[in-house]
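The values are calculated or read from the model by the stated rules, or taken from the named source; none is laboratory data. No experiment lies behind these values; they were computed from the predicted model shown. Cβ atoms come from the backbone with ideal geometry, glycine included; neighbour counts cover every protein chain shown.
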Amino acid sequence: MCLGVPGRIVERWQADDGALLARADFAGEERVIRLNYLPDLQVGDHVIVHAGFALTRLDAEEAARTVALMREVGLLAEEPA
């Protein structure tokens, strides 16, 4: 079973080979992701990613609720003070 932690796009660019890439922040951990399936995502958008590909766009409120619930049940570390 996989857990989809919401991430927020903090940077996006097009690679030399034409691939659309982004850097996303997942509760304090940043990863490079591919935007093949959601090429219209912009900086500030929230997403669920699987296997490095953005698959679902979330609104900011849903992303915040999901991260808070994951922290509450111990699936994510508490937010730094």
Flagged in the stretch 24-39 as of a type in the set (A, V, I, L, M) and within 16 Å of PRO6 (Cβ to Cβ), in numbering order, are ALA24, ALA27, ILE33, LEU35, LEU38
Quick one: how many residues across the stretch 33-81 are surrounded by 13 or more Cβ atoms within 10 Å (Cβ to Cβ), under 18 Å from ARG12 (Cβ atoms) and among the charged types (D, E, K, R)?
3
Looking only at residues that are in a loop (DSSP other than H, G, I, E, B) and under 9 Å from the mean Cα position of the chain (by Cα) in the stretch 1-26, which one is nearest to LEU76 (Cα to Cα)?
VAL5
Could you grab the pairs with beta carbons closer than 8 Å, sequence gap of 6+ or different chains, first residue in the stretch 1-20 and among the hydroxyl-bearing types (Ser, Thr, Tyr) and surrounded by fewer than 12 Cβ atoms within 10 Å (Cβ to Cβ), second one modelled with pLDDT under 95 and in a strand (DSSP E or B)?
none
Taking the stretch 16-45 and keeping only residues that are over 17 Å from ALA63 (Cβ atoms) and of a type in the set (Phe, Trp, Tyr), one is left with TYR37
Restricting the stretch 45-65 to residues that are over 10 Å from the mean Cα position of the chain (by Cα) and either among the β-branched types (Val, Ile, Thr) or assigned to a loop (DSSP other than H, G, I, E, B) (or both), which is modelled with the highest pLDDT?
ASP59
Could you list, ordered by first residue, the pairs with Cβ atoms under 9 Å in which the first is in the stretch 60-73 and under 11 Å from VAL5 (Cβ atoms) and the second is among the basic types (Lys, Arg) and at pLDDT 90 or above, at least 6 apart or interchain?
ALA63/ARG8
